[in-house]
Amino acid sequence: MSTAAIATHALGRRYGRTWGLRDCTLEIGEGRVVGLVGPNGAGKSTLLNLLAGLLRPSTGDLELFGRAVKPGAPSDGVAYLDQRHSLYESFRVREMLEAARRLNRRWDHRAALDRVRELDIPLGRRVGELSGGQRAQVALSMALARRPELLVLDEPVASLDPLARRDLMGSLMAAKADHDCTVVLSSHVVSELERLCDHLVVLDHGRVVLSGDVDDLMAEHVRLTGPASTVDEIRSVPLSCERRGDAATMLLRGPRPALPPGWRAEPVSLEDLVLHHLAAGRPKEVAA
Ligand SMILES: Nc1ncnc2c1ncn2[C@@H]1O[C@H](COP(=O)(O)OP(=O)(O)OP(=O)(O)O)[C@@H](O)[C@H]1O
């Protein structure tokens, strides 16, 4: 049996009187690609920073690959990449890689150089003169050169144009196939995660509102559409029910009920799932 890559129990972090993350209990297997979604202020960066050992938890426990994480102590096996792709503007790419080589105990310099060359990024160019997409690729090359067990990415494509977003996501998928690591990445664009992720975590107001394997979640949920006049004949409690004129649409979790005439069941998209669970959780506001 494989160890969980990430196990959190009642993990929480408060900033003064505000909880950035609260009562977060998750178990995620090795080798998964985890999509972390939620609206602004949901706690995504807080959770990612805790995983990367860049923040101390206020409550609870965190284990990575069966090892308890020391509060506030970044682990060698975790590489973290944020949307600013923190790089030194005045350094040439070659100097940037060299600096990273000196700073990291685990570092595959050959792999970093090869990857940057394969992407046609000039090693002699200053970081400040690279395009946003090239900077993101240099930062990803540096993260991968650390041979991480866990790769943590906080909105890695947020500042990129659609083409560069697609390229970086493609690179990430290729890198995941080459390096057998676990990946956690946050994004506001759920459709982008759909192709990449096999586990989904939805946060809202610092709480986990949904977590599970994408295939399981898709199989457990169904969208029903049919005549509004016979909505009450469906003997299940829906997550949501919308009526528009004569038509009604429901999102259900659990066993599929018998359908009255005129009703049909359709698979849900990941985006539907996220939006419906966020909407369903909205009335339960969290007090600070
Ligand atoms: N350094 C800080 N000091 C005070 N409050 C903070 C700090 N960092 C985060 N918070 C608060 O914690 C909550 C969660 O923030 P976090 O940045 O983790 O959310 P997020 O989901 O990453 O948001 P976004 O999508 O906007 O980046 C928010 O209410 C935020 O205002």
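The values are calculated or read from the model by the stated rules, or taken from the named source; none is laboratory data. Not measured: the values here are computed from a predicted model. Please note: Cβ atoms are built from the backbone with ideal geometry, for glycine as well, and neighbour counts cover all protein chains shown. Note: accessible area is taken over every heavy atom of the protein model, side chains too, but ligands, DNA and RNA are not part of it. Shrake-Rupley method; radii C 1.70, N 1.55, O 1.52, S 1.80 Å.
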* With respect to A68, determine if the residue is under 30 Å from I28 (Cα atoms) and open to solvent by less than 40 Å² (accessible area, probe 1.4 Å). => no
* Output for the range 130-147, where each listed residue is over 16 Å from L97 (Cβ atoms) and out of contact with any Asp or Glu (no Cβ under 8 Å at 6 or more places or on another chain) -> S131
* Structure fact -> Note on L48: of the conditions (1) open to solvent by 60 Å² or more (accessible area, probe 1.4 Å); (2) closer than 22 Å to S187 by Cβ; (3) not aromatic (F, W, Y), unmet is (1)
* the range 245-260, residues that are touching a strand residue (DSSP E or B) at 6+ places or on another chain (Cβ under 9 Å) and in a loop (DSSP other than H, G, I, E, B) -> D246, G254, R256, P257, L259, P260
* Structure fact -> Matching residues in the range 169-192 (surrounded by fewer than 22 Cβ atoms within 10 Å (Cβ to Cβ), assigned to a loop (DSSP other than H, G, I, E, B) and within 16 Å of the ligand (Cβ to nearest atom)) number 2
* **Failed item, numbered, when R84 is tested on (1) over 19 Å from the mean Cα position of the chain (by Cα); (2) under 21 Å from L168 (Cβ atoms); (3) assigned to a loop (DSSP other than H, G, I, E, B)** => (1)
* Structure fact -> Considering residues that are of a type outside the set (S, T, Y) and either open to solvent by 70 Å² or more (accessible area, probe 1.4 Å) or in a helix (DSSP H, G or I) (or both), the number found within the range 206-244 is 17
* Confirm whether G77 is more than 14 Å from the ligand (Cβ to nearest atom), out of contact with any helix residue (DSSP H, G or I) (no Cβ under 7 Å at 6 or more places or on another chain) and within 27 Å of G133 (Cα to Cα). => yes
* Asked: Only one residue in E266, E242, E271 is within 33 Å of the chain's Cα centre (by Cα), in contact (Cβ under 8 Å) with a residue 12 or more places away in the chain and farther than 19 Å from V209 by Cα. Which one?
  -> E266
* Asked: Of all residues in the range 3-36 being of a type in the set (K, R) and more than 9 Å from the ligand (Cβ to nearest atom), which is surrounded by the most Cβ atoms within 10 Å (Cβ to Cβ)?
  -> R22
* To do: Return only the number of the condition from (1) more than 10 Å from the ligand (Cβ to nearest atom); (2) at pLDDT below 95; (3) open to solvent by 10 Å² or more (accessible area, probe 1.4 Å) that P39 does not satisfy.
  => (1)
* Restricting to the range 118-145, what's the tally of residues that are part of a helix (DSSP H, G or I) and of a type in the set (V, I, T)? -> 2
* Structure fact -> Pairing a residue in the range 18-47 that is of a type in the set (S, T, N, Q) with any residue that is within 9 Å of the ligand (Cβ to nearest atom) and assigned to a strand (DSSP E or B), where Cβ atoms lie under 7 Å and the two sit 6 or more apart in sequence or on different chains, gives S45/D154; T46/R13; T46/G20; T46/L21
* To do: Take the range 91-114 and flag every residue that is farther than 20 Å from G128 by Cα and more than 28 Å from the chain's Cα centre (by Cα).
  => R102, R110
